[in-house]
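What follows is a set of notes on a single structure, which appears directly below.
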């Protein structure tokens, strides 16, 4: 899968070396489950956003949390995945193409995990957005989108982290994690996650969030059992 950090993600090409073709779908006999919670105990860092143009659409200055933490310290939208899984369960049926929208000069969703393939880029604002995605320093897509309701389908064929910016509105930022296997989860509002049908074995599990960076640990999965984890993210 794929890794991040608003500035750090550029320097952390964790999964870019992996190929989407390297993963082999195979029957999983006696698979196990990994479930747990991701938390952050420190004070929530805040970034001051000051829109400098199109203020009637983009709004005024605001404080934006750099990590979304619930009342119980659970972290929302952290990506949890198993590193370099060579084979296992099927990806599952794709019922719709993933979407990255731009609404009131905010990317929605700000974090998502997708498999290699198509993604729809949309503009819900009546102003120009120049939507620019990067694998590290390399451009993944660069789209001028001047019209409200405009949609462009782009391709993300490589696994890894894609950092998305708007060249017209420099404060806009999103992260798309292009997975190298279906063994991933995006944490819910309470920080919880679950990864199912894992072949028995020992793996490197990564919990990643754009402010804190990656947290790696070794985890052993036994057939028919649930491995429970508590993961605390810390700024490195």
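The values are calculated or read from the model by the stated rules, or taken from the named source; none is laboratory data. Every value quoted in this text rests on a predicted model; they were computed, and no experiment measured them. Ideal geometry is used to build each Cβ from the backbone, glycine not excepted, and the neighbour counts take in all protein chains shown.
Determine which member of the set 163, 158 is under 24 Å from residue 136 (Cβ atoms), in contact (Cβ under 8 Å) with a residue 12 or more places away in the chain and in contact with a helix residue (DSSP H, G or I) (Cβ under 7 Å, 6 or more places away or on another chain). Quick ask: steps written out before the conclusion?
Working: 158 fails: in contact with a helix residue (DSSP H, G or I) (Cβ under 7 Å, 6 or more places away or on another chain).
Result: 163 is the single residue among 163, 158 that is under 24 Å from residue 136 (Cβ atoms), in contact (Cβ under 8 Å) with a residue 12 or more places away in the chain and in contact with a helix residue (DSSP H, G or I) (Cβ under 7 Å, 6 or more places away or on another chain).
Take the residues in segment 99-145 that are over 24 Å from residue 57 (Cβ atoms) and touching a residue at least 60 places away in the same chain (Cβ under 8 Å); name whichever of them is surrounded by the fewest Cβ atoms within 10 Å (Cβ to Cβ). Explain how you work it out, then say what you get.
Filtering segment 99-145 down to residues over 24 Å from residue 57 (Cβ atoms) leaves 113-118, 134-140.
Retained after the next criterion (residues that are touching a residue at least 60 places away in the same chain (Cβ under 8 Å)): 113-116, 134-137.
Values: 113: 21, 114: 19, 115: 19, 116: 18, 134: 17, 135: 20, 136: 16, 137: 9.
So, considering only residues that are over 24 Å from residue 57 (Cβ atoms) and touching a residue at least 60 places away in the same chain (Cβ under 8 Å), the one surrounded by the fewest Cβ atoms within 10 Å (Cβ to Cβ) is 137.
Identify all residues within segment 46-72 that are in a loop (DSSP other than H, G, I, E, B) and either over 21 Å from the mean Cα position of the chain (by Cα) or at pLDDT below 95 (or both); write none if there are none.
Residues of segment 46-72 that are in a loop (DSSP other than H, G, I, E, B), as a first pass: 50-54, 59-61, 66-67, 70-72.
Hits for segment 46-72 are 50, 51, 52, 53, 54, 59, 60, 61, 70, 71, 72.
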### Task
Scan segment 21-40 residue by residue and report those that are farther than 20 Å from residue 194 by Cβ, part of a loop (DSSP other than H, G, I, E, B) and touching a strand residue (DSSP E or B) at 6+ places or on another chain (Cβ under 6 Å).
26
### Query
Which residue pairs have Cβ atoms closer than 6 Å, lie 6 or more positions apart in sequence or on different chains, and pair a first residue in segment 192-205 that is in contact (Cβ under 8 Å) with a residue 40 or more places away in the chain and at negative phi with a second residue that is exposed (fewer than 15 other Cβ atoms within 10 Å of the Cβ) and outside any strand (DSSP E or B)?
200/222; 200/223
### Message
Restricting to segment 53-67, and then to whatever is closer than 20 Å to residue 186 by Cα and touching a residue at least 60 places away in the same chain (Cβ under 8 Å), can you tell me which residue is surrounded by the most Cβ atoms within 10 Å (Cβ to Cβ)?
### Response
67
#### Entry: Single unsatisfied condition, residue 39 versus (1) touching a residue at least 60 places away in the same chain (Cβ under 8 Å); (2) more than 18 Å from residue 191 (Cβ to Cβ)
(2)
### Message
Among the residues of segment 195-209, are any at pLDDT 95 or above, under 16 Å from residue 109 (Cα atoms) and under 21 Å from the mean Cα position of the chain (by Cα)?
### Response
yes
### Query
Failed condition for residue 96, given (1) under 30 Å from residue 28 (Cα atoms); (2) under 18 Å from the mean Cα position of the chain (by Cα); (3) buried (at least 20 other Cβ atoms within 10 Å of the Cβ), with all others met?
(3)
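Looking at this structure, is residue 160 on the phi > 0 side of the Ramachandran plot and crowded, with 18+ Cβ neighbours inside 10 Å? Even if it seems obvious, please write down each step before you answer.
Working: on the phi > 0 side of the Ramachandran plot: yes; crowded, with 18+ Cβ neighbours inside 10 Å: yes.
Judged against the criteria, residue 160 is a match.
Looking only at segment 216-227, count every residue that is assigned to a strand (DSSP E or B) and under 20 Å from residue 29 (Cα atoms) and tell me the total. Show your work before the answer.
Start the filter on segment 216-227 by keeping residues that are assigned to a strand (DSSP E or B), which leaves 216-221, 226-227.
The next check asks that each one be under 20 Å from residue 29 (Cα atoms); those that pass are 219-221, 226-227.
Number of matching residues: 5.
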### Single condition residue 215 does not satisfy, out of (1) touching a strand residue (DSSP E or B) at 6+ places or on another chain (Cβ under 9 Å); (2) in contact (Cβ under 8 Å) with a residue 60 or more places away in the chain; (3) within 15 Å of residue 78 (Cα to Cα); (4) surrounded by 13 or more Cβ atoms within 10 Å (Cβ to Cβ)
(2)
